[in-house]
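S.K.: Input: one structure, supplied below.
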Amino acid sequence: MKRVLSVLLILTGIFASLSAREKIFVVERENSALAVIDHNLLVDEIKHMHNFNHAVVKFRDNDGYVITRDGYVIKFDPIHDKKLKEYKTSKSAIGFIIGPNYLAVANYDNKTVEVLDRDLNPIQSIQTGSRNVGIKNYKNYLIFELMDADQIWVMKDENAGKGKPHFVLYKKFENIGKVPFDAMIHKNLYVAGLFNSPDVGLLNLDTMQYKKIPLNLGKKDRILKVPHFGFWSISDRYFFVPAVGAKKVFVFDHDFKPVTSIAVKGNPVFTTLSPDKKWLAVSFSGRDFPYVQIIDTNTFQIARTFKFPGWILHLRWSKDNPELYFSVNTQNEVLAYNVSDPDPKKWWKHFSWPVPKPSGIFLFEAPDRSASKIGKADH
């Protein structure tokens, strides 16, 4: 009986590991390629992906998409690691969002938002006259910021998700603050980062009311790399907002009332939460590129400071394994640290993969785990 039980446990573990399969795609910043790590092995490389100096990768269902610095949208197969199709939307793209039946791409140059179907066929070109950033979607709305006009546009799909979308301007918010540069969204709240204003913008997408929340930045430092917002900096209780030009991470509750600010080593770029929301990992720019700090989200104290032998350009928590991934760009490697111990000082290097000039790390979960998984990061 014990032997049968042992066999069943082994089989259960095998099937669980198969169903929990997580693939890692890493931007090779200077190689126009995506490195593929699967089952903890560097197994493949998707080549000929254009200018990867600021690539953004996302997944939905079984589809993978990339936008490149030189304005291409690329569709690829993340199961078989194959490039499928490409379409050039502009001279310079900065961000995009995937809807159920469309992609919307925010461009710097040619100052448009381009709407494509899921097979990269063009549907609509939205002329803004500005560089466009912070693109998100909510219900039948498409929301983005006009960096050069200090505006937020809310576009509404007249077809309400049926058939091809057609977006019309529903609401325009002007004078939102100086130079919006990024955004994050949580439920009905669209949070706008403002590069040259000591505030963060807050748009309620149900009431269509906008307000600015003041930030205590203090004396600003020279900014070498703009901080990035994202879904990963929102916990069950708090928003974690990296300061622009200050060595702080701001903490707000879900009503966007200030809770505290956390003093960190340098100017933060990424703030990324562990899956259990217990830890916040923070990376930095400038001379502090080699550092990553781990913050306890209950006490807001620094629990560990890592120093790596090269620049950290991105980091990502695994959803399936107790691991935290780091791309060490100037050392040409991607690291995985085991983070299973409750004491971050005891986290240890588990794997290392040789990836040339790695940057963004993106996770794709096997399709048998869920119908739709989306992962995002900018860098």
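S.K.: How big, in percent, is the set of alpha carbon pairs in segment 68-179 lying more than 23 Å apart?
M.R.: Every Cα pair in segment 68-179 considered, those over 23 Å come to 26 percent.
S.K.: For segment 84-142, restrict the atom set to alpha-carbon positions and state the Rg and Dmax in Å.
M.R.: According to the Cα coordinates of segment 84-142, Rg and Dmax are 10.7, 31 Å.
S.K.: S92 accessible area, nearest 10 Å², 1.4 Å probe?
M.R.: 20
S.K.: What trypsin sites (Lys or Arg not before Pro) does segment 118-222 have in DSSP loop regions with at most 16 other beta carbons within 10 Å?
M.R.: Answer by residue number: R118, K139, K162, K178, K187, K219, K220, R222.
S.K.: Now for a different question. What distance in nm separates the simple spin-label points at E158 and V43, each placed 7 Å from Cα in the Cβ direction?
M.R.: In this crude label model, E158 to V43 measures out at 4.6 nm.
S.K.: Suppose every K and R has +1 on its Cβ and every D and E has -1 on its Cβ; what is the size of the dipole of the chain about the Cα centre, in Debye to the nearest 20?
M.R.: 580
S.K.: Using modelled amide H (1.01 Å from N, peptide plane; none on Pro or chain starts), what sits under 5 Å from the amide H of N110, excluding residues fewer than 5 places away?
M.R.: Residues meeting the criterion, in which the H sits 1.01 Å from N, are K91, S92.
S.K.: On to the next question. Using label points projected 7 Å from each Cα along Cα→Cβ, tell me how many nm separate D77 and M208, to one decimal.
M.R.: Distance between the two pseudo-spin positions: 4.5 nm.
S.K.: Can you compute the FRET efficiency between K139 and K172 using 1/(1 + (r/R0)^6), with r the Cβ-Cβ distance and R0 = 22 Å? Round to the nearest 0.05.
M.R.: According to the calculation, E is roughly 0.75.
S.K.: Next up: Using the C-alpha gyration tensor of the chain, what are the square roots of 5 times its eigenvalues, in whole angstrom, with the largest one first?
M.R.: 32, 27, 20
S.K.: Using θ = phi - 60° and the Karplus form 6.51 cos²θ - 1.76 cosθ + 1.60, what ³J(HN,Hα) does each residue of segment 324-334 get, whole Hz, x for Gly and Pro?
M.R.: Going residue by residue, I get 10, 9, 10, 9, 9, 4, 7, 10, 6, 8, 10 Hz, with x marking Gly and Pro.
S.K.: Could you calculate the FRET efficiency of N298 with N338 from 1/(1 + (r/R0)^6), where r is the beta carbon distance between them and R0 is 25 Å, rounded to 0.05?
M.R.: 0.70
S.K.: I'd like to check one number: the per residue accessible area of the chain, probe 1.4 Å, reported in Å² as a whole number.
M.R.: Heavy-atom accessible area per residue stands at 43 Å².
S.K.: What part of the accessible area of the chain, given as a whole %, is carbon or sulfur when the probe is 1.4 angstrom?
M.R.: 51
S.K.: Using only alpha-carbon positions, what ratio does the radius of gyration of segment 294-351 give when scaled by 2.2 N^0.38 Å?
M.R.: Dividing the Cα radius of gyration by 2.2 N^0.38 Å gives 1.14.
S.K.: When only the heavy atoms of the protein chains count and the probe is 1.4 Å, how do T128, T260, T271 rank by accessible area, highest first?
M.R.: Descending order: T260, T128, T271.
The values are calculated or read from the model by the stated rules, or taken from the named source; none is laboratory data. Note that the coordinates shown come from a computational prediction; the quantities given were computed from them, not determined experimentally. A quick note on method: Cβ atoms are made from the backbone with ideal geometry, for glycine too, and the neighbour counts reach across all protein chains shown. With ligands, DNA and RNA removed, areas are computed over all heavy atoms of the protein, side chains included. Shrake-Rupley method; radii C 1.70, N 1.55, O 1.52, S 1.80 Å.
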